[in-house]
Structures are given as structure tokens and as C-alpha cells.
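Worksheet for the structure shown next.
The values are calculated or read from the model by the stated rules, or taken from the named source; none is laboratory data. Computed from a predicted structure; not experimentally measured. As a convention, Cβ positions derive from the backbone with ideal geometry for all residues, glycine included, and neighbour counts pool all protein chains shown. The area values use the complete protein model at the heavy-atom level, side chains included, leaving out ligands, DNA and RNA. Shrake-Rupley method; radii C 1.70, N 1.55, O 1.52, S 1.80 Å.
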Amino acid sequence: MTTRLDVERLAQQFAPAGVQAIALMGSYARGDAGPFSDIDLVRFTEETVAAPPGSGSHLIGGSLVVVSDVRPSEVDAWFWRPEVAVNTIAGLRGARPLIDRDGTFAALQDRACAFVWDDAIQARANAYASQQMVGWIEEVHKGLEGLRRGDIGRLLNARFGLSWGLSRVVQVQRGVLLAGDNAFFQEVEAAIGVRSEWARLWRAAFGLESSATPPPPLQEQVVAGLRLYVATARLLAEALEPADASLVGQTVALVMATLGIEH
């Protein structure tokens, strides 16, 4: 049975010289932690200091305490790389400072609160999504070949790329700033539309929705994922770079022909 830890006192255990600030993030910062929730401590360190001791996972008082380190150069990426910003900005806004020796964290949190998803970061998000749609073409082919052979290994690889992979593409392109990693599903779905065809296929690719007379569950999820690739390509059509759009378009045509999907 876990005991409720004093997080302020806990932070002191992980604050050697070179640590400028420690912030509590995740469910404990939001106030919705459960008995099995981990305690996320993020340490903001000086750029030139060697990694301070204590980084990693610890079991303390029956609770899992996860300590991670961030240097100033890494923090900068949180604000200009869209694939990083979507997973950090909202959490930073809601984080709770436990130690802030020189105002480092206060300034960083102010910067996060002032962050705007502007045209420049959207352009980078579009470029990221375009590259990723090409990158997941391999999983499309694994899925088609896995279905043809009944090959579990190919099907499992395809299922990952055509569910989690495409989710990530859409999250970044639409600038969905996650409140926490456990909110991933609900927040991405809400951004596209809970009742949309894309969301229906997305649920099916994760095995959360099935047809009335389904084939074996893994095959069904891969078929849904292949259809989701087609739907995602259409959803992001305007974001694709011309060269990438050609490759994605050929892949969409292959999926539609193989699965018998009408235009």
C-alpha cells in the first residue's frame, strides 16, 4: 500500500548543486493522482553541469518517483519543434514548482503560458506530418502483406504504425497540446471530431470498435488502420509536400485497390 509523500521534502532529495529548479508535473501537479500514479519530478539543470545523481526511477514509500533532467538547450526545443511542443507546453503550464533557486522555472512557465501556435510552428508541423506520412508507408505495406500471408509479425508492426503512428501525425499537425500523456486519446479524438469517420476508424484500429461480424481481431484492426491511413491522407492533404503527396497518393491508391474501397 502506497503512502502519500510530502513532495516538497521529496524534491530536496534530488536537488544537488547544478539543479536550478525542480517541478512537479503530471497527475500529482493536476491533483488527480491515484494510488498507483507515479510522481513526475523534472529537474532543470545548468547547461555545463554533468548529469546530477538521482535521475531515473525510484520506489519511495511505495510510490514510483520518476526524476528526469532537462538542460536549457533542450528546453528551447519545447517552443519551436511542434512534435515536442505538443507534449510539453500544456504540462509546463500546469506544473507545480517545488524548488526554484533563481527564478528559472517561473520564467519558463511564463513563457509556456504566453506560447502561441503561430503560422511558423504550423508550417513546421505540416512538414513533420508530411514526412511522417511517408515514413509510415512501410507499415502500410507490412499490413497488406501481413493480411495476405496471415503473418502475425507483420500485422503487429502494421497495427502500431497505423494506430499510434497516425495518431501522432494528426496530433502534431493539428497542434493538440496534451494536458498529460493519459489524455492522448480523448484530446486527439476531440480535435478531429468524436463523431467523424476518422475517429470511427481510429477507434477500430485500436480495437475499441468492431464490425458486426468481425474477422480475427488483429486482422480487423489492421484493415481499419489501412483505411485510417487513407482517411488521414485526405485529412492532411493540404499539409503534404508535393513530393510526399505523390508517394502518399500512390499508397492510398494501392490500399483502396487492394481492399476494394470505392472513391
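Residue by residue through the stretch 93-105, note down the ones that are touching a strand residue (DSSP E or B) at 6+ places or on another chain (Cβ under 9 Å) and open to solvent by 50 Å² or more (accessible area, probe 1.4 Å).
Taking the stretch 93-105 as the starting set, the residues that turn out to be touching a strand residue (DSSP E or B) at 6+ places or on another chain (Cβ under 9 Å) are 94-105.
Selection gives ARG96, PRO97, ASP100, ARG101, ASP102.
Per the conditions (1) exposed (fewer than 15 other Cβ atoms within 10 Å of the Cβ); (2) closer than 25 Å to GLN13 by Cα; (3) not acidic (Asp, Glu), the sole criterion not satisfied by ALA29 is (1).
Beta carbons closer than 8 Å, at least 6 apart along the sequence or on distinct chains, pair a first residue in the stretch 147-162 that is open to solvent by 40 Å² or more (accessible area, probe 1.4 Å) with a second that is part of a helix (DSSP H, G or I) and of a type in the set (Lys, Arg) for ARG154/LYS142; ASN157/LYS142.
Residues in the stretch 44-85 that are surrounded by 14 or more Cβ atoms within 10 Å (Cβ to Cβ), closer than 25 Å to GLN132 by Cβ and either touching a residue at least 40 places away in the same chain (Cβ under 8 Å) or β-branched (Val, Ile, Thr) (or both): VAL70, VAL75, ARG81, PRO82, GLU83, VAL84, ALA85.
One residue is enough: does the stretch 115-133 have a residue meeting the conditions closer than 23 Å to GLN20 by Cβ, hydrophobic (A, V, I, L, M, F, W, C) and surrounded by 13 or more Cβ atoms within 10 Å (Cβ to Cβ)? Yes, the stretch 115-133 contains a residue that is closer than 23 Å to GLN20 by Cβ, hydrophobic (A, V, I, L, M, F, W, C) and surrounded by 13 or more Cβ atoms within 10 Å (Cβ to Cβ). Only residues that are of a type outside the set (Asp, Glu), crowded, with 16+ Cβ neighbours inside 10 Å and part of a helix (DSSP H, G or I): list them for the stretch 169-190, please. Matches in the stretch 169-190: VAL169, VAL170, GLN171, VAL172, GLN173, PHE184, VAL188. Taking the conditions (1) in contact (Cβ under 8 Å) with a residue 24 or more places away in the chain; (2) open to solvent by less than 20 Å² (accessible area, probe 1.4 Å); (3) among the small types (Gly, Ala, Ser) in turn, ALA199 satisfies each one other than (1). All of (1) open to solvent by 70 Å² or more (accessible area, probe 1.4 Å); (2) free of Cβ contacts under 8 Å to residues at least 60 places away in the same chain; (3) in a helix (DSSP H, G or I) hold for VAL194 with one exception: (3). In the stretch 176-186, the condition of being charged (D, E, K, R), within 21 Å of the chain's Cα centre (by Cα) and within 27 Å of ALA245 (Cβ to Cβ) is met by no residue.
Checked against the criterion of being in contact (Cβ under 8 Å) with a residue 60 or more places away in the chain and open to solvent by 40 Å² or more (accessible area, probe 1.4 Å), the stretch 217-233 has at least one qualifying residue.
Applying a threshold of 6 Å to beta carbon distances and a minimum spacing of six or more residues, or different chains, the list of pairs starting in the stretch 12-28 at a residue that is on the phi > 0 side of the Ramachandran plot and ending at one that is crowded, with 20+ Cβ neighbours inside 10 Å and assigned to a strand (DSSP E or B) reads GLY18/THR45; GLY26/ASP40.
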